[in-house]
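See below for the structure under consideration.
Read-outs: derived from the displayed coordinates by stated rules, not from any lab. If you're wondering where the values come from, they're calculated on a predicted model, not measured in any experiment. Ideal geometry is used to build each Cβ from the backbone, glycine not excepted, and the neighbour counts take in all protein chains shown.
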Amino acid sequence: MSVNLIDTDEFTPQRVFAELGHMEATKALIERDAAINYTDRDGNTSLIVIAFKRKLEIFPYLREIGADFDIRDASNNTVFT
């Protein structure tokens, strides 16, 4: 089974665990090649979602491994807007 399997909302397991603040599960999926910059149907990446939801404990880790800060969601927002 792919670590990048998507659900009906186009969420990957890595995005779900990051959003919930589960650092170890997020790291485990990324170590198995989970896509860190995958965008859902609204253009949101894990980084955008955790910034919006204030799950900031995972933010430095995603930054460290190269998550893209310049991706824009469907509303043209970045992680900083």
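Basic side chains Lys and Arg get +1 at the Cβ, acidic Asp and Glu get -1 at the Cβ, and with that the dipole of the chain about its Cα centre reaches some 200 debye. Using the Karplus relation 6.51 cos²θ - 1.76 cosθ + 1.60 with θ = phi - 60°, the per-residue 3J(HN,Hα) values for the range 52-68 come to 4, 8, 6, 8, 6, 5, 9, 3, x, 5, 5, 4, 4, 8, x, 4, 7 Hz, with x marking Gly and Pro. Sum up the charges of everything whose Cβ sits under 14 Å from the Cβ of Ile36, counting Lys and Arg as +1 and Asp and Glu as -1, but leave Ile36 out. Value of the local net charge: -3. Remark: relative contact order (the chain) = 25 percent; criterion is Cα-Cα distance under 8 angstrom and separation of 6 or more residues. Restricting the calculation to Cα atoms, the chain shows an Rg/Rh of 0.92 when the hydrodynamic-style radius is the Kirkwood one.
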